[in-house]
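Report on the structure given below.
The values are calculated or read from the model by the stated rules, or taken from the named source; none is laboratory data. As the structure is a computational prediction, the values presented were derived from the model and not from experiment. Cβ placement follows ideal geometry from the backbone for every residue including glycine, while neighbour counts extend to all protein chains displayed.
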């Protein structure tokens with residue numbers, strides 16, 4: 001495609017170039033490198049003298065001799081100069097920042113910014129000039145393009161730490177150093193100092209400095225410098241650190257610190273007998289540190305220092321307490337050791353997290369006689385000194401004894417959900433004792449799982465007056481002594497039977513509670529579907545079956561539960577015995593809405609019919625009437641107009657109280 005010819009008058013542009021004028025100016029971000037003299041744009045056509053250079057806004061050259069690709073700084077102002085040696089009229093030298101963009105005579109340009117999150121890219125700069133030797137292949141005009149690398153300005157990130165308290169030096173560490181960037185550090189108004197170790201080094205601080213600036217320049221680019229500054233405030237005077245608490249936790253040691261100064265560094269040190277040695281660096285944000293497998297025969301301290309190692313302020317040392325416990329003859333013996341090295345005012349003995357005794361600093365043993373056999377106790381010993389404590393690990397010991405507990409008695413009562421709840425008849429005197437419960441049902445006997453927290457809950461399955469679950473227990477104390485088995489406790493079991501076809505007369509049979517008392521009286525409870533009590537009435541055992549009070553007429557399912565109360569005031573409950581009565585409904589096959597008072601409306605009747613859906617259709621399948629309760633009736637009118645005699649299909653659907661779904665379809669005839 002021929003290129004336009006540039007003269008000392010407006011350029012004449014062909015139709016192909018006019019099409020390019022409509023293109024949007026874009027930044028081409030390419031990743032493949034191309035030599036400066038190679039063809040960059042598809043329309044490039046140039047001769048041996050084609051040349052232009054790039055300078056910054058102050059006139060400094062940006063091209064580096066011998067470097068195949070020049071690096072430009074995103075957002076920077078650049079100037080373009082022809083270097084062909086042809087002495088072109090400036091009006092005939094034009095530039096554009098894209099292969100498709102229309103060039104113009106402006107030689108001052110801004111390098112486009114890179115997309116967010118991108119630090120490198122590429123830019124094409126196109127030069128269009130006269131052809132010094134008009135003719136094939138370029139005609140009277142030529143186009144020469146160069147490919148540049150574009151980078152964002154370096155943004156150094158760094159941290160600094162104080163050295164001593166005179167502010168003559170500072171420790172600076174770069175956190176994002178790159179190999180192709182050279183860095184310099186300037187403290188206040190002092191000179192720039194080259195960074196030789198990005199990981200961290202000491203730099204001279206100018207007197208009165210309040211800022212630290214790190215500069216970054218690419219090693220293969222000119223004038224693309226970035227910088228980051230941080231405030232360099234005066235640091236507070238160093239304070240001797242506090243080590244107020246040491247705790248032995250299992251095999252580890254937990255050391256707690258007082259408030260630390262963020263301007264300084266801290267080292268945890270250990271003395272195993274040959275002087276204090278570094279154990280770990282502690283960040284100033286820490287409030288504690290765990291020493292895995294910390295030696296109980298060592299002492300520990302926290303020392304304040306700085307990045308240059310000028311300061312050294314150690315805390316008072318703390319040494320761990322090593323506690324041992326044992327039990328014999330209903331007595332618990334505590335003994336402990338602690339290496340000399342930290343001052344001790346006294347020792348505090350704690351049992352189950354409560355203070356038990358205070359003993360002298362020279363004492364290393366304590367005998368606890370106020371204990372109960374079989375009970376497990378938890379002990380700690382705390383060495384106390386002014387402003388600091390050292391706590392031993394918590395150790396548990398079970399007081400030893402050889403006395404079996406008495407056989408336990410139980411209560412057993414059904415819950416509404418059919419499970420049996422079992423409890424000791426009297427509270428256990430030893431909270432750490434354990435019940436061993438066994439259920440007998442018919443000829444089968446099984447152990448019942450006992451949870452950590454009472455009551456015991458058992459699912460016996462199907463029961464009847466002929467199949468009554470009974471429960472007996474033994475008691476095991478923490479010393480390993482087991483009692484004999486106590487008397488069995490059996491909850492009452494209730495059965496209900498409909499004495500007539502409609503379920504209006506109910507006969508009841510039940511068993512008396514066993515092993516839980518005597519002189520039982522009974523209350524019959526009627527429950528709703530959620531197990532809530534609807535009514536109760538007194539009943540007495542006699543000749544079974546005992547007839548229940550007349551049931552309510554609106555309850556399809558009758559749920560009965562028996563409450564039995566002994567002369568001692570204990571109340572236990574039976575299982576829930578249910579009777580399901582038949583749901584009944586009636587849909588007329590015809591009705592005569594003629595105003596004679598007989599069958600004038602279509603209505604749904606039934607027993608236990610609480611919710612339903614009745615839909616009536618015409619011959620076309622359109623709904624003419626819908627009812628969801630019995631009070632809704634149809635007078636034979638469709639949108640206020642009397643319907644002609646005809647047959648209407650219907651669909652009826654309901655669900656009874658047991659969840660059984662009933663669907664009926666049929667027809668109703670309208671007669672007049």
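Figures for the structure shown
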quantity	calculated
Selection from region 154-172 of residues that are surrounded by fewer than 18 Cβ atoms within 10 Å (Cβ to Cβ) and either within 28 Å of residue 114 (Cβ to Cβ) or touching a helix residue (DSSP H, G or I) at 6+ places or on another chain (Cβ under 6 Å) (or both)	155, 157, 159
Counted residues, region 154-185 - those being under 13 Å from residue 200 (Cα atoms), without any contact (Cβ under 8 Å) to a residue 60 or more places away in the chain and in a loop (DSSP other than H, G, I, E, B)	3
Flag for residue 583 being surrounded by 14 or more Cβ atoms within 10 Å (Cβ to Cβ), at negative phi and more than 50 Å from the chain's Cα centre (by Cα)	yes
Answer from 660, 555, 619 - the residue that is modelled with pLDDT under 95 and under 30 Å from residue 491 (Cβ atoms)	555
Failed criterion for residue 625 (all others in (1) surrounded by 13 or more Cβ atoms within 10 Å (Cβ to Cβ); (2) without any contact (Cβ under 8 Å) to a residue 24 or more places away in the chain; (3) in a loop (DSSP other than H, G, I, E, B) hold)	(3)
From the options 403, 363, residue that is under 27 Å from residue 471 (Cβ atoms), in contact (Cβ under 8 Å) with a residue 12 or more places away in the chain and part of a loop (DSSP other than H, G, I, E, B)	403
Out of 511, 565, sole residue that is assigned by TED's automatic domain parsing to the domain that holds residue 470, within 30 Å of residue 408 (Cβ to Cβ), touching a strand residue (DSSP E or B) at 6+ places or on another chain (Cβ under 7 Å) and modelled with pLDDT of 95 or more	565
Hey, residue 323 closer than 22 Å to residue 163 by Cα and buried (at least 17 other Cβ atoms within 10 Å of the Cβ) or not	no
One residue from 387, 461 being in the same structural domain as residue 492 (by TED's automatic domain parsing) and under 45 Å from the mean Cα position of the chain (by Cα)	461
Residue count for region 519-547, restricted to those that are outside any strand (DSSP E or B), on the phi < 0 side of the Ramachandran plot and under 56 Å from the mean Cα position of the chain (by Cα)	5
Selected residue (criterion: nearest to residue 334 (Cα to Cα)) from residues of region 348-372 that are within 45 Å of the chain's Cα centre (by Cα) and at pLDDT below 95	371
Hits in region 203-222 (condition: more than 45 Å from the chain's Cα centre (by Cα) and in a strand (DSSP E or B))	204
